[in-house]
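Quick notes on the structure that follows.
What follows is calculated from the coordinates using simple rules that are stated; it is not laboratory data. Not measured: the values here are computed from a predicted model. All Cβ positions, glycine included, derive from the backbone under ideal geometry; neighbour counts span all protein chains shown.
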Amino acid sequence: MKKMTTTLNKTTKQNAITYAIIFACFVFCIIYSGLPSGSSLIKGLFVPICAYVIMALSLNLTVGILGELSLGHAGFMCLGAFVGSTFSMLTQEILTSVWVRFPLAILLGGAVAAVAGILIGIPVLRLKGDYLAIVTLAFGEIIKNIVNNIYLVKDVNGVHFALGVDAYNNMELDDMTAENIINGAMGITGAPRDSNYIVGFVLVLITLIVILNLVQSRAGRAIMAIRDNRIAAESIGINITKYKLIAFSISAMFAGMAGVLYGHNLSSLVAVKFDYNLSILVLVFVVLGGIGSMRGSIIAAIILTALPELLRGSFSDYRMLIYAILLIVMMLVNNNENMAMYKERFKSYLHIGKGGKGSKGSKGGKGGTKAGAEESQEVSA
């Protein structure tokens, strides 16, 4: 009982630190937005950073908590972005209040992405490892290419749908009132730019709260049991398909919500933005931040999204070189056994300084190491 209470206290403390980082970033955004001399480039990064943080957190649920490698996450983001932007364009004359229209667009985009996650997950999650990664990559590209060939036109007679250029050319439209909502490869132009960093931070908090509570729930423990040993989990009666679908669909839902946030920040939304390169970029955030570490995903997404843009000034010719070097250094540091050992020693030193259990372990040199080992085995916030 005492050990459980200690673990709970550690988890609560780690979660509190993660929430504190989010609130600190939010306060920075408020202060910086009020500065007349503030760079418009930096202000313009607030919403994309929020969207990428949500993407990183949601993918970490699949990769870090479920233990399955997905390379099609950008497909769910694409689906959410187009569904949300289409909804806003069709209803902006009816729902004039942005605080009504935009939340509904976010919910709709997330719901459609979640349904897509379930439909794709049923056949795909039977696979494992590299096969799963390849199939999810293929599904992500399929979603992007389908969206790339959709035509949606609104006129006096209603809303008309066509898939492909030939079907679009054969549509009977009223030329006087016809308005393109989705124009194939040209995407959506003129959608209301409803996104702002306040909504972005609220979505980040919601994503973080849901995922952390899921991880600490009974369902979360079942998901991690499947990750650690599928055969053992199945032998004690855990429904493998059910819990895999729960994790995958929640991950897809938040990716869709991130897409709605991202899509409402652009004057022109095209499907080619959501290709496999975006999925790999989000995977880089997860890997560099630490697989299973939500706090690491947040920090990695913020740094790696902001850095290339911040280097556009004096280092514009070398910015991608610096970016690549930083990625390599971060990867080497995160996977270095000596660095991991130094981290554990530093944690033990902090425990000793606070006069906790580590002070007892310092006598024999084992207690502090044991405490650090136990802490490293927990799912990090």
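One table, with the values for the structure above:
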quantity: Relative packing of peptides 53-63, 210-220, 153-163, 285-295 - highest average C-beta neighbours within 10 Å first; calculated: 53-63, 285-295, 210-220, 153-163
quantity: Gained length - VAL100 relative to ASN183, 0.36 nm times residue gap less alpha-carbon distance; calculated: 27.3 nm
quantity: Distant-in-sequence amide H partners of ILE181 (H built 1.01 Å from N, under 5 Å); calculated: LEU152, VAL153, LYS154
quantity: Karplus-derived HN-Hα couplings along region 166-176 (A = 6.51, B = -1.76, C = 1.60, θ = phi - 60°), whole Hz, x at Gly and Pro; calculated: 4, 5, 5, 5, 8, 6, 8, 10, 8, 4, 6
quantity: Calculated from backbone phi, Karplus (6.51, -1.76, 1.60) coupling profile of region 184-193 in Hz, x at Gly/Pro; calculated: x, 5, 7, x, 10, 10, x, 5, x, 8
quantity: Only Lys, Arg (+1) and Asp, Glu (-1) charged, at Cβ; the chain dipole about Cα centre in debye; calculated: 2560 debye
quantity: Sorted peptide list for 223-230, 128-135, criterion being average Cβ within 10 angstrom, highest first; calculated: 223-230, 128-135
quantity: Cut-off of 10 Å, at most 15 other beta carbons, DSSP loop: longest stretch of the chain lacking such GluC sites (Glu not before Pro); calculated: 173-377
quantity: Spatial separation of Cα centroids for region 20-44 and region 108-126, in angstrom; calculated: 35 Å
quantity: Sum of side-chain charges, ALA233 neighbourhood, beta-carbon under 15 Å (Lys, Arg +1; Asp, Glu -1); calculated: +4
quantity: In sequence order, calculated HN-Hα J values of region 88-98 (Karplus, 6.51, -1.76, 1.60; Hz; x Gly/Pro); calculated: 5, 5, 6, 10, 5, 7, 8, 9, 6, 7, 5
